[in-house]
Amino acid sequence: MSLKRLIATASCLWALSCTPAQKQEAEQPTAIFHAFNQLYSDVSAFVCTLASQGYSHVQISPAQKSNPGSEWWKRYQPIDLSVIEGLGTEDDLQQLIDQARSCSVKIIADVVLNHMANLDGNDGFEDLTQYPNLSPADFNTVASSLGQKPCDINYSDGNRTTEIDCWLGGLPDLKFTENVKTIHKAYLKRLLDLGIAGFRFDAAKHMPPEVLSDYVDFIEQESGGTAWSYLEVIQDSDTRAADYNAIAPVSDFLLYDGMKAAFGFGGDLRSLPPQTVDDPTSVTFGQNHDTIAALNSHAINPYDDVTEAYLATGYVLARQNGTPLVFNDDNLNAPFVPFGVKFRQIMRQRDAAGKSTTETLLRAIDSPTVVLMERGAEGFFIANKASRKLDLRTLDVTLSNLEGCYQNLRNGFTVAIEQRGDKKFVTRWGTWERGGIEVQGRDALYLVRVPFEQCGG
């Protein structure tokens, strides 16, 4: 372990917060497509379409042999990490990785290393001899009654001991013995050898920080610093993202909660921007499998209306910071989301070319249902969460950096922003016959700057 990582980990162990540190050399993803619970062979068929949309990475669901059954949550209950089965064979996974490589997409593997499967449905006891290569000594259990659940998690007792040492429901909690760490590293190495280019660590807040740090160091060493990994850290009264994001980027539930308050029923988009994890690389999302009530009976702060979640995803993609993770249904069902991915790709390309793409929320439209964001002078995003159309014939954007001709990525119509005396207005919206702005209800638009000639003079 590097000295810097050792110091950061020690700080995490002794304090309730850690300052962000440089985590890895791998390039931050442009956007990650979450191929949630999808067969690897199915993902192979459309991965290059995702590349054309602008995605740089695809996250797959856990690959190991798991609790049998079709329910998605059984994928998160490992039985044997030495066997790849469930959503495809090892050959299927290899074919997906190879196909993705052919169109410059990288695959991130979701890994479950905190616990093993609840195979008998009993939350209080499990036969700990049924997992290959593991023994009862590799589990947190009652010493006098091997297999008995030792304790329940308390998320508000002022420490994180129970989060780390107790079982998640009936899922047998692993001790990180040398045997367990050897098994885990062999699994990570096997995936890396197949061509996996990064990892999501499920239930990371239930694992000791020093163990996660050791695993991230191992991945960086084995990948030559090219693998990009992140940690699932769902905040509670005892755990904050700052307890872990010195080790690797974390999932940004702070941002999710703030967006839910703004985009959800009765919310006010003028409250944006919300609080975020203090790390520009943290993984951001409009919704994920932990927040969707239709998938999860214990969903975290779910939206009542899925179209509001889609708009939050659109907002995530328009932002400068963060690493967007896009749930597969969002990309399929919200017509604007794939264009948000392309917008993000273009903004990153222009930023790399030396053009400013700084994110600024504009207050040119004073409405609780509208958000307008510029990315320097290079593009802008507008979302309308109201059910009715937004139709303004005049829009003053004098205080923005926007000026010139902009093209809507979804349908190609152009918009002109010009000086008129000492002010700037939207003088063309699709045609020179009208200015201002028009956005359908429950919709979002992404516009990028193009040569003024494209606006037709």
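Of everything in region 108-138 that's of a type in the set (Gly, Ala, Ser) and under 32 Å from the mean Cα position of the chain (by Cα), which residue is nearest to residue 230 (Cα to Cα)?
109
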- Item | Yes/no for residue 122 being free of Cβ contacts under 8 Å to residues at least 60 places away in the same chain, under 19 Å from residue 80 (Cβ atoms), assigned to a loop (DSSP other than H, G, I, E, B) and among the polar types (S, T, N, Q) | no
- Query: How many residues does region 410-434 hold that are within 29 Å of the chain's Cα centre (by Cα) and either buried (at least 20 other Cβ atoms within 10 Å of the Cβ) or farther than 18 Å from residue 318 by Cβ (or both)?
  - Reply: 1
- Could we say that residue 127 is closer than 30 Å to residue 235 by Cβ and part of a loop (DSSP other than H, G, I, E, B) here? no
- Query: With respect to the numbered conditions (1) free of Cβ contacts under 8 Å to residues at least 60 places away in the same chain; (2) farther than 20 Å from residue 360 by Cβ; (3) surrounded by 13 or more Cβ atoms within 10 Å (Cβ to Cβ), which one is the sole condition not fulfilled by residue 406?
  - Reply: (2)
- Query: Does region 295-317 hold any residues that are buried (at least 24 other Cβ atoms within 10 Å of the Cβ) and among the hydrophobic types (A, V, I, L, M, F, W, C), and which are they?
  - Reply: 309, 311, 312, 316, 317
- Task: Have a look at 376, 435, 421, 441 and point out the one that is free of Cβ contacts under 8 Å to residues at least 40 places away in the same chain and either assigned by TED's automatic domain parsing to the domain that holds residue 260 or more than 23 Å from residue 356 (Cβ to Cβ) (or both).
- Result: 421
- Query: So which residues in region 213-239 are over 21 Å from residue 289 (Cβ atoms), out of contact with any Leu (no Cβ under 7 Å at 6 or more places or on another chain) and charged (D, E, K, R)?
  - Reply: 214, 217, 220, 238
- Note on the structure: Taking region 431-457 and keeping only residues that are part of a loop (DSSP other than H, G, I, E, B) and closer than 24 Å to residue 350 by Cβ, one is left with 451, 456
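Per-residue answers, yes or no, for (1) touching a residue at least 60 places away in the same chain (Cβ under 8 Å); (2) within 25 Å of residue 35 (Cβ to Cβ); (3) of a type in the set (Ser, Thr, Tyr):
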| position | (1), (2), (3) |
| --- | --- |
| 237 | yes, no, yes |
| 244 | yes, yes, yes |
| 258 | no, no, no |
| 302 | no, yes, no |
- Looking at 255, 325, which one is in the same structural domain as residue 195 (by TED's automatic domain parsing), part of a helix (DSSP H, G or I) and within 15 Å of the chain's Cα centre (by Cα)? 255
- Message: Just to verify a result, which residue in region 273-288, among those that are surrounded by fewer than 18 Cβ atoms within 10 Å (Cβ to Cβ) and touching a residue at least 40 places away in the same chain (Cβ under 8 Å), is farthest from the chain's Cα centre (by Cα)?
- Response: 273
- Item | Top-ranked residue of region 384-403 - restricted to ones that are closer than 21 Å to residue 336 by Cα and in contact with a Leu (Cβ under 9 Å, 6 or more places away or on another chain), ranked as surrounded by the most Cβ atoms within 10 Å (Cβ to Cβ) | 385
- Note on the structure: Log entry, pairs with first residue in region 40-69 being closer than 30 Å to residue 118 by Cα, second being part of a strand (DSSP E or B) and of a type in the set (S, T, N, Q), beta carbons closer than 6 Å, six or more apart or on different chains, reads none
- Message: Take the residues in region 297-322 that are in a helix (DSSP H, G or I) and of a type in the set (A, V, I, L, M); name whichever of them is farthest from residue 56 (Cα to Cα).
- Response: 306
- Which of the residues belonging to region 66-82 are in contact with a Pro (Cβ under 8 Å, 6 or more places away or on another chain) and within 22 Å of residue 195 (Cβ to Cβ)? 66, 75, 78, 80, 82
- Message: Looking at residue 313 and the list (1) over 24 Å from residue 277 (Cβ atoms); (2) within 17 Å of the chain's Cα centre (by Cα), which single condition is not satisfied?
- Response: (1)
- Assuming residue 212 fulfils every condition listed in (1) farther than 29 Å from residue 275 by Cβ; (2) touching a Phe, Trp or Tyr at 6+ places or on another chain (Cβ under 7 Å); (3) surrounded by 19 or more Cβ atoms within 10 Å (Cβ to Cβ); (4) not acidic (Asp, Glu) apart from one, which condition is it? (1)
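The values are calculated or read from the model by the stated rules, or taken from the named source; none is laboratory data. Here the structure is a predicted model, which means the values were calculated and not measured. Note that we place each Cβ from the backbone using ideal geometry, even for glycine, and neighbour counts take in every protein chain shown.
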